Amino acid sequence: MRRPRIGEASELDLMAVGFLLPSVLYVVVMFIYPFLYGIWVSVHPLKVPGFSLANYIAFFSDEYQYKTVGITFRLAVPNTVVVVALSLFLAYNMRRGIWLERTITTILVLPISLGVILLGQGILGFYGGKGWLNQMLLALGVLEEPLVLTHNYIGVMLSLFMQQFPFCFLMLLGYISGIDPSIENSARTLGAGPWTVFQRIMLPLIAPGLAIAFALVFVMSFATFPSAILLGQPSGATRTIAIAAYAQAFEQFDMPYASAIAVIMGLFQLAALLIIIVLRQRMVLAATMGVGKR
Amino acid sequence: MRGRLWRLALYLFVLGFILNLLGIVSHVMVSSFAKRWFGTPLPRSFTTEWYTYAWNEFGLAQVLGVTLLVALIVVFLALLLGFPAAYILARRNFRGKPLLLLLYFLPLLIPQMTYGIPLATTLFKYGIGGTLTGVILAVLVPMVPLAIFILMPFFEQISINLEWSASVMGASRFQIFRRILLPLALPGLLTAGILILVNTVSNFELAFLVSGAGSQTLVVALFYNVFAGGVRPVYSVDAMAVMYMTMVMLLLIVALRFVRPTQMVFRLDQPRR
């Protein structure tokens, strides 16, 4: 028997299968199976024997529960638009590199690594009723009354922005700086101004990356949990769908109902992803070099 | 002229963001050293006693032990499972490869809160929920794909001719692995290991949903104490937050020696053909 050549681009042999199998098994057992089990359990409610959609019906007929969907959309959509727009502005202008670029990107990584809990605690202190910002504005005479920026909608938006802006910006920076500069240079040589270059040349090239960034930020915002608890009103104005799912699981101990809410949350996220992927297919495919900033 | 204005707006925005971040972080730090602090720009007197208070009252020795143990085991397992898979994905083409890549991509794409609840349900059903093993198994779910996607480009950069030459000269598969692949893939392993370490230490959702009394990581314990605001003095919670921050900062300083900031998020490159 011929010993297959190493690295031969071919069918899977025994070695390749053996190499892939452990990680595939792990993802299937710990990710796919729980997901399917969650769906199964969600249609087998605690109170009703056998198959029943009672949990889903309960969710959509209880105002306290179904209005979490609206609340979550009202947080996720504006946040996604602001985050993506500002990231595009910053990343586009930094595509050729700017002064102190490495320092700036490093500082921007901080909020990602610090995590949401620490940021939340800091935002409570800094933006709170007696925080530094309010003290400063009151001392300068800009304000008469302190601004209420925490334990409400604005607090959650602040926290979401701090977490997701760096993420989205670094993604787009990697993407935009991977676009062949000679395309842009040709347009400039032929007499296009900066705005025309952006609108007619660069934007269509960036659009596919922008679509993915938009989808990722939206999906992340839609699952907001710690921000909405620490900086919002978890039982009122910022009771997001993730809080509803958590409350069913760990306060009411109704795992089937909790799973049903998680499934509903997943379906909304999936729908958003599908819509954006379909839109992306219709856009011009970017002629990037496929090599981002490394 | 207009270009100048744009550039100015850019730097002003960055400056604003940095000042805001600085304010947030330093407020936590100042507060952790405050004896009492009500509505003044700075506390009237400072103390370090909140650190000893937090260390003793919150059982931080145990929590830190759990955090480090979870992080190290997750890094080891993620690399162990991810390394061979990344090698095959970088070297071979086969039917169903896009589907397999999608399977690996899903745990990174879908928010942890969405799949964390069914995952916690499953783990509690089998009695692993709430234990240290449960936390490790849950946090590992997104880290295996992360390891694979970080390692793949590193393997693609290693010329296949090196392996062929070694094979021609009579090296066995194991020798090729030991003498050629492993040394050349070491930077990749280091990058992946550090990024997984940072991600595991700051992972909240999965650890939170699966942890129980004795298996809380530092972020989870921090969340419970922030959430139970009023029960504990806010200064002691801030002291705990500063300890957490110091740990992440140290990891980050090490990480940034090996990793570029843009590597810390998804790559939005064109899919490979």
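Here, each number is a calculation from the coordinates, and none is a lab measurement. These figures come from a predicted structure and were not determined experimentally. Glycine also receives a Cβ, built like all others from the backbone with ideal geometry; neighbour counts cover every protein chain displayed.
If you find the alpha carbon centre of segment A:116-170 and of segment B:153-217, how far apart are they in angstrom?
The two parts, judged by their Cα centres, are 39 Å apart.
Near B:LYS35, which lysines are there with a Cα under 24 Å away, not counting those fewer than 8 places off in the same chain?
By straight Cα distance, B:LYS35 reaches A:LYS130.
Under 25 °C and 0.890 mPa s, how fast does chain A diffuse according to Stokes-Einstein, given a Kirkwood radius computed over C-alpha pairs? Answer in µm²/s, whole number.
108 µm²/s
Check which residues have an amide H placed less than 5 Å from B:ALA34's amide H, if you skip close sequence neighbours.
It is B:THR47, by chain and number.
Suppose R0 equals 45 Å. What FRET efficiency, 1/(1 + (r/R0)^6) with r the Cβ-Cβ distance, do B:ARG4 and A:LEU138 give to the nearest 0.05?
Details: r = 35 Å, r/R0 = 0.77.
About 0.80, to the nearest 0.05.
Output the Kirkwood hydrodynamic radius of the protein assembly as shown, Cα pairs only, in Å rounded to one decimal. Please report the intermediate quantities before stating the final value.
Details: mean 1/r = 0.0394 Å⁻¹.
Kirkwood hydrodynamic radius for the protein assembly as shown: 25.4 Å.
Run the simple label-point estimate for A:ILE277 and B:PHE258 please: 7 Å along Cα→C-beta, distance reported in nm.
3.3 nm
Just to be sure I understand the rule: take each whole DSSP H helix in chain A, project its Cα atoms onto its long axis, keep it if the span is 24 Å or more and its mean Kyte-Doolittle hydropathy is at least -0.5. Which ones pass? Could the numbers behind the result be given before it?
On the way: long enough: A:63-93 (45 Å, 0.80); A:153-176 (32 Å, 1.62); A:203-222 (27 Å, 2.28); A:255-282 (40 Å, 1.62).
Length and hydropathy pass: A:63-93, A:153-176, A:203-222, A:255-282.
Where the centroid of each part is defined by its Cα atoms, how far is segment B:230-260 from segment A:224-267 in Å?
27 Å
Tell me which aspartates and glutamates have Cα within less than 19 Å of B:LYS97's Cα, excluding those fewer than 8 residues away on the same chain?
Excluding near neighbours in sequence, the set is A:GLU8, A:GLU11, A:ASP13, B:GLU156, B:ASP269.
For chain B, how big is the tail of P(r) above 27 Å, as a whole percent of Cα pairs?
Working: 19778 of 37128 pairs.
Looking at chain B, the distances longer than 27 Å represent 53 percent of pairs.
Using alpha carbons only, how many degrees (0 to 90, rounded to 10) separate the axis of helix B:218-227 from the longest principal axis of chain B?
40 degrees
If the reach is capped at under 18 angstrom between alpha carbons, list the aspartates and glutamates near A:LYS47, excluding any in the same chain fewer than eight residues apart.
Cα-Cα hits under 18 Å: A:ASP62, A:GLU251, A:ASP254.
Computed over the Cα atoms of segment A:35-121, what is the ratio Rg over Rh, Rh following Kirkwood? Please list the in-between numbers first.
Numbers: Rg = 21.8 Å, Rh = 17.6 Å.
Reported Rg/Rh, Kirkwood definition of Rh: 1.23.
Considering only the other residues whose Cβ falls under 14 Å of the Cβ of A:ALA249, what net charge follows from Lys and Arg at +1 and Asp and Glu at -1? Before the final figure, lay out each step's value.
Working: positive: B:LYS125; negative: A:GLU251, A:ASP254, B:GLU205.
Charge balance near A:ALA249 sits at -2.
Give me, ordered by chain and number, the residues 5 or more places off B:ARG232 or on other chains with an amide H under 5 Å from its own placed amide H.
Hits under the 5 Å cutoff: none.
Nearest 0.05, what FRET efficiency do A:MET15 and A:GLU251 give at R0 = 56 Å with Cβ-Cβ as r? It would help to have the intermediate numbers written out before the result.
Details: r = 50 Å, r/R0 = 0.89.
Efficiency at R0 = 56 Å is approximately 0.65.
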